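J.: Please see the structure below; I have some questions.
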Amino acid sequence: MPRLALRQYNYYYRVNGEKAEQLLKDYGDNGDFLVRYSESNPQNFSISVRVSENKILHIKVMKFENDMLSIFDDQRTTPNEFSSITELLEFYMEFPEKLREKNGLFLELKKPVHVPYQLEPLAEEQRRTQLYRWWHGNLPASSANKLLQNEKNGTYLLRASQHIPGAMVISAKTEGHVVHLTIYQDHLTGKYNIDGDRAKFNTAWILIDSYSKNPIVEKGEASRVLYLEEPLFNTFIEADLFCDRFEIVRRPLNPRESMEKTGISEEFDVREEEFVVFLKVVFFQRLSQEALPAEQYLSKREGRRPVNADKNRYKNIVPFDHTRVILQPGPNDKKETPGSDYINASYVRFENSQRTKNVTFACEKSFIATQGCLDSTIVDFWKMVWQENSRVIVMPTMENERKEKCARYWPTEVNKEMKNGEITVTCTIERKVQRLVTEEVKVELEKERAIRIGKGLVPEAELNAEGVSHILRTLLIKKGKEVREVRQLQYLTWPDHGCPLHPYAVLNFLEDVDREYDYFNAQPITATLPQGPIVVHCSAGIGRTGTVLVLDALLTQVKKVGLLCPMDVFKMVKYVRTYRSGLVQTEQQYQFLYKALAFYLKTHNPVRKLFFPAKSFMEGDADAFDYPRRLRPIPGSSRPSSSRQTTASRPASSASSRAHSRPRTSGHSEPTPERSSSSTSSPSTLLKSAKK
């Protein structure tokens, strides 16, 4: 289990100590934990951890006057204190020797317990909030400030309080400043209210929806008027909610304007220039430690040199200098030959380092993303495979698709040798892989075909004429007296610049890729000569190549971490593009990542199989998770309801602004929040809702 970055994980449950013990016994493993409210003081945290099958320990977390947290009672003598509960948990997960039982044994915190929301109502309460796209998890205030500082006024997000059990914080941009408002949760009833306001709400969604129509006025000298206008969407979601999130982001953002603009297309619209800016930020942190020139991490100088121009299949697709595979000279090579170390190939590595502290990469594989071979680069390709000790080659393309996509770099016949410089290649086995298609998949395929035909598109075949999805080849490569075994897996029906109609065949293909990779890792020789990166190539080495390696990396995370694993397609694509520009080339390929992951999680979640149809948050009010209610059509009317006033029409930030609010949208049937006998907040409250 890799070290977890807990910002994206859910670890808090509104339960008492007795219920915490039951959850850990029913659903946890040794070392699993959860955070809850302290029964002696509900404003403090307690940590419940499973030590063994019949032993649960509870650790009280103290909160000092300066809001620092510690597991020790006396702030004057505590060896460690922390600014947030997440920071405290991550510290003791990384340093278990710092946490001991009374008998002196180490108390290890391994990971948060995963409680299935389909079986536990209190878990469902937590998951419902996390499903909304404005939810940013255990984000600290400093990070919220950075996210919002360049956004327009009225932009907001919701995050978990790091100091108060069950509480949330609205972080919003107003008048050029970021304001943080605490939303308290009653530990007994689960209802929410903003500090000082008497209105209570059954869910966080109803609270946000209410205050998005009624601006909030800050008490004090500033008296800033806070508008909740535009949510700042987050992109991560826990794996057990991914299917529901997919249903949300595939919907149109604003059906009145466009049916094509969805949450997925919105995510993909991050342009290449933004990734360059991201690169500068990421590598500047490394530069401050290594004192290397910044251009080394951003340039593509080697790939653009005239001597290497003929080695690129496409002139505009070349590797970054800092991540390119450098070919080492052989004993018979002339070391001074210009361009002899160049091949159009890039490393893609997943590492839990300081620069990825908010993401947990459970994928322990490395990849090489490269272009399809040219006749002139076949020798270099095999030289790279030998140099890196790569044992698995993934080829999601045909050699020719209307035009050449990849020169054939393996023998045309079985047991026939092919000489490539110092390396001889022999294909010993070629097996066509056929898989049965389930009835469920057949139904979904027919629906997808009907949708594409309705749009005037020709649906691509999932299998070739023989019912084959891919070919598995065993290759023996020989250099001198040494012989190595290599597996090549070629996917046959992936359309260029597009995606398969359904992900089932690709998922089967990747299962075979993982099986071959694990096979070579299990060989005794791996102990002295570790297996190298998986080589993935299509034609340009960015579109299908990026889709395959990102999908494989995300699937690996789910398999290793489980259903509590946070999935972040956007951040993963953004990350791999720091290694090779343009990986995951089209919006359709980006959508396919969501579709494939959702299908995998739907068919591999044992809890979902207990319910038929599968229990889903989408069964109720699906639109509530997608776009504000005021954008929905008014019942009984063909005209959509009017949206609120724009930022330009806000009232001034003055005492008189407390008498203003933006117009309510009439005609909606929505829950009425529970209020106390008095609906007017006291003038002494910190925040209050501005009334008409």
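J.: What number goes with the only condition from (1) of a type in the set (A, V, I, L, M, F, W, C); (2) closer than 12 Å to C243 by Cβ; (3) modelled with pLDDT of 90 or more that L551 does not pass?
T.: (2)
J.: Which condition from (1) more than 30 Å from P112 (Cβ to Cβ); (2) touching a residue at least 60 places away in the same chain (Cβ under 8 Å) is the one that I525 breaks?
T.: If we test I525 against (1) more than 30 Å from P112 (Cβ to Cβ); (2) touching a residue at least 60 places away in the same chain (Cβ under 8 Å), just (2) comes out false.
J.: Oh, and also: Of all residues in region 161-186 being of a type in the set (A, V, I, L, M, F, W, C) and part of a loop (DSSP other than H, G, I, E, B), which is surrounded by the fewest Cβ atoms within 10 Å (Cβ to Cβ)?
T.: Restricting to residues being of a type in the set (A, V, I, L, M, F, W, C) and part of a loop (DSSP other than H, G, I, E, B), the top hit is A167.
J.: Let me ask another. Just for region 287-322: of the residues that are buried (at least 16 other Cβ atoms within 10 Å of the Cβ) and either of a type in the set (S, T, N, Q) or outside any loop (DSSP other than H, G, I, E, B) (or both), which one is modelled with the lowest pLDDT?
T.: In this case the residue turns out to be Y297.
J.: Related question: Scan (1) under 24 Å from E401 (Cα atoms); (2) free of Cβ contacts under 8 Å to residues at least 40 places away in the same chain for the single condition V573 breaks and write down its number.
T.: Every condition holds for V573 apart from (1).
J.: Evaluate the following for S171: is it within 21 Å of S83 (Cα to Cα), hydroxyl-bearing (S, T, Y) and in contact (Cβ under 8 Å) with a residue 12 or more places away in the chain?
T.: For S171, the condition - within 21 Å of S83 (Cα to Cα), hydroxyl-bearing (S, T, Y) and in contact (Cβ under 8 Å) with a residue 12 or more places away in the chain - is met.
J.: A further question follows. Tally time: how many residues in region 577-589 are assigned to a helix (DSSP H, G or I) and either basic (K, R) or buried (at least 23 other Cβ atoms within 10 Å of the Cβ) (or both)?
T.: 1
J.: Can I ask one more? I need every pair where a residue in region 559-570 that is in contact (Cβ under 8 Å) with a residue 12 or more places away in the chain has its Cβ under 6 Å from the Cβ of a residue that is of a type in the set (G, A, S) and assigned to a loop (DSSP other than H, G, I, E, B), sequence separation at least 6 or different chains.
T.: These pairs meet every condition: K560/A362; V561/A362.
J.: Then there is this: Touching a Pro at 6+ places or on another chain (Cβ under 6 Å) and either farther than 21 Å from G190 by Cα or not in a helix (DSSP H, G or I) (or both): does that describe E87?
T.: So E87 fails the test.
J.: Okay, moving on. For L105, all conditions in the list (1) farther than 25 Å from L188 by Cβ; (2) surrounded by 14 or more Cβ atoms within 10 Å (Cβ to Cβ); (3) aliphatic (A, V, I, L, M) hold save one; what is the number of the exception?
T.: With (1) farther than 25 Å from L188 by Cβ; (2) surrounded by 14 or more Cβ atoms within 10 Å (Cβ to Cβ); (3) aliphatic (A, V, I, L, M) applied to L105, the lone miss is (2).
J.: So, in region 417-441, how many residues would count as being surrounded by 11 or more Cβ atoms within 10 Å (Cβ to Cβ) and outside any strand (DSSP E or B)?
T.: Total satisfying the criteria: 8.
J.: Just name the residue that is surrounded by the most Cβ atoms within 10 Å (Cβ to Cβ) out of those in region 389-416 that are hydroxyl-bearing (S, T, Y) and in contact (Cβ under 8 Å) with a residue 24 or more places away in the chain.
T.: Applying the filter and picking the extreme gives Y409.
J.: Tell me which residues, restricted to region 94-124, are aliphatic (A, V, I, L, M) and assigned to a helix (DSSP H, G or I).
T.: Once the filter is applied, which keeps residues that are aliphatic (A, V, I, L, M) and assigned to a helix (DSSP H, G or I), region 94-124 yields L122, A123.
J.: Part of a loop (DSSP other than H, G, I, E, B), at pLDDT below 85 and surrounded by 12 or more Cβ atoms within 10 Å (Cβ to Cβ) - does that describe any residue in region 366-377?
T.: no
J.: Continuing with this model, one more query. Only one of these conditions is not met by R128: (1) assigned by TED's automatic domain parsing to the domain that holds I206; (2) farther than 19 Å from V49 by Cβ; (3) not in a helix (DSSP H, G or I). Which number is it?
T.: For R128, the failing item is (3).
J.: Continuing with this model, one more query. Could you list all residues from region 18-38 that are surrounded by 15 or more Cβ atoms within 10 Å (Cβ to Cβ) and of a type outside the set (S, T, Y)?
T.: Within region 18-38, K19, A20, E21, L23, L24, G28, G31, D32, F33, L34, V35, R36 meet the criteria.
J.: Here is a follow-up. Looking at (1) free of Cβ contacts under 8 Å to residues at least 40 places away in the same chain; (2) under 22 Å from S70 (Cβ atoms), which one does I164 not meet, given that it meets all the others?
T.: If we test I164 against (1) free of Cβ contacts under 8 Å to residues at least 40 places away in the same chain; (2) under 22 Å from S70 (Cβ atoms), just (1) comes out false.
For every residue, the table says whether it meets (1) more than 17 Å from R128 (Cβ to Cβ); (2) out of contact with any Pro (no Cβ under 8 Å at 6 or more places or on another chain); (3) of a type in the set (K, R).
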| site | (1), (2), (3) |
| --- | --- |
| Q162 | yes, no, no |
| A172 | yes, yes, no |
| V178 | yes, yes, no |
| I183 | no, yes, no |
| H187 | yes, no, no |
| G190 | no, yes, no |
| D195 | yes, yes, no |
| K213 | yes, yes, yes |
| R224 | yes, yes, yes |
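J.: Criterion first (acidic (D, E) and over 22 Å from the mean Cα position of the chain (by Cα)) does E124 satisfy it?
T.: no
J.: I need the full set of residues from region 480-494 which are surrounded by fewer than 16 Cβ atoms within 10 Å (Cβ to Cβ) and in contact (Cβ under 8 Å) with a residue 60 or more places away in the chain, in order please.
T.: Within region 480-494, just E485 meets the criteria.
The values are calculated or read from the model by the stated rules, or taken from the named source; none is laboratory data. Computed from a predicted structure; not experimentally measured. Cβ atoms come from the backbone with ideal geometry, glycine included; neighbour counts cover every protein chain shown.
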